[in-house]
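**Student:** One structure, pasted below without further comment.
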Amino acid sequence: MLRLEGNLLGEGLRVGLVISRFNDLVTRSLREGALDGLLRHGVKAEDVVEVWVPGSFELPQAAFRLASSGRFDAVICLGCVIRGETPHWEYVSAQAARGIAQAGIKTGVPVVFGVVVAESLDQALERVGGKQGNKGTEAALSAIEMANLWHRLREQGL
């Protein structure tokens with residue numbers, strides 16, 4: 001039996017970060033967590049490209065563009081959608097999730113969902129530095145692991 005999995009060694013990996021400006025109090029913390037995770041695991045700062053978009057709805061478009069370029073081993077999408085008084089937040093979060101997944105499926109490049117979907121700003125802030133850690137760091141580690149898994153799969157002709 002052959003068992004393949006990624007690892008958390010980021011040396012030599014090129015990573016795209018797509019970050020939403022909307023709810024930037026949260027997304028800037030996600031960015032800091034993601035960069036910290038990438039750098040601590042060996043990704044060089046010069047191998048990270050940041051792209052800022054207006055909101056979480058636009059994340060998939062930019063992620064698809066980066067993933068399609070052939071320049072990145074993984075793309076991380078960082079955003080924050082907070083429940084409002086209308087169902088708008090449901091549409092934005094659902095389409096962001098669907099589009100981010102599709103960007104990865106269509107390009108064959110790991111595209112990681114690092115979007116915080118929360119009931120309140122306080123709940124969102126808990127996910128970027130509170131008791132729950134930083135979801136940006138978690139997204140970075142997922143990106144490294146998936147990029148390495150994709151490399152191993154290619155080595156096996158899969």
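The values are calculated or read from the model by the stated rules, or taken from the named source; none is laboratory data. Keep in mind that what you see is a predicted model, and the values were worked out from it rather than measured. Counting neighbours? That spans all protein chains shown, and the Cβs are built from the backbone with ideal geometry, glycine included. Heavy atoms of the whole protein, side chains included, go into the accessibility calculation; ligands, DNA and RNA do not. Shrake-Rupley method; radii C 1.70, N 1.55, O 1.52, S 1.80 Å.
**Student:** Mind checking whether some residue in segment 100-112 is free of Cβ contacts under 8 Å to residues at least 60 places away in the same chain, open to solvent by 50 Å² or more (accessible area, probe 1.4 Å) and within 15 Å of S20 (Cβ to Cβ)?
**Tutor:** No, because not a single residue in segment 100-112 is free of Cβ contacts under 8 Å to residues at least 60 places away in the same chain, open to solvent by 50 Å² or more (accessible area, probe 1.4 Å) and within 15 Å of S20 (Cβ to Cβ).
**Student:** Let me ask something additional. Go through segment 53-97 and give me each residue that's open to solvent by 60 Å² or more (accessible area, probe 1.4 Å), under 24 Å from L125 (Cα atoms) and at pLDDT 95 or above.
**Tutor:** P54, F57, Q95
**Student:** Looking for whichever is open to solvent by 40 Å² or more (accessible area, probe 1.4 Å) and within 14 Å of T137 (Cα to Cα) here; the options are D24, D47, D36. Which one fits?
**Tutor:** Just a single option satisfies the conditions, and that option is D36.
**Student:** Could you please tell me which pairs satisfy a Cβ distance under 7 Å, a separation of 6+ or placement on different chains, a first residue in segment 33-44 that is without any contact (Cβ under 8 Å) to a residue 40 or more places away in the chain, and a second residue that is acidic (D, E) and not in a helix (DSSP H, G or I)?
**Tutor:** G42/E11
**Student:** Return the pair list, or none, for Cβ contacts closer than 7 Å from residues in segment 71-82 that are among the acidic types (D, E) to residues that are part of a strand (DSSP E or B) and modelled with pLDDT of 95 or more, at least 6 apart or on different chains.
**Tutor:** What qualifies is D73/V15.
**Student:** For G10, only one of the following conditions fails: (1) out of contact with any Phe, Trp or Tyr (no Cβ under 9 Å at 6 or more places or on another chain); (2) open to solvent by 60 Å² or more (accessible area, probe 1.4 Å); (3) over 14 Å from F113 (Cα atoms). What is its number?
**Tutor:** (2)
**Student:** Output the number of residues of segment 125-140 satisfying the condition of being surrounded by fewer than 20 Cβ atoms within 10 Å (Cβ to Cβ) and either over 18 Å from the mean Cα position of the chain (by Cα) or outside any loop (DSSP other than H, G, I, E, B) (or both).
**Tutor:** Here the count works out to 7.
**Student:** Right, another one. Can you tell me which residue is nearest to A139 (Cα to Cα) among those in segment 107-124 that are in contact with an Asp or Glu (Cβ under 8 Å, 6 or more places away or on another chain) and assigned to a loop (DSSP other than H, G, I, E, B)?
**Tutor:** The qualifying residue nearest to A139 (Cα to Cα) is P110.
**Student:** Is segment 142-149 home to any residue that is open to solvent by 30 Å² or more (accessible area, probe 1.4 Å), free of Cβ contacts under 8 Å to residues at least 24 places away in the same chain and over 16 Å from I19 (Cα atoms)?
**Tutor:** no
**Student:** List, please: which pairs have Cβ atoms under 6 Å, are six or more places apart or on different chains, and start with a residue in segment 114-127 that is within 14 Å of L30 (Cα to Cα) and end with one that is in a loop (DSSP other than H, G, I, E, B) and not hydroxyl-bearing (S, T, Y)?
**Tutor:** Matching pairs, first to second residue: V116/R127; E126/Q132.
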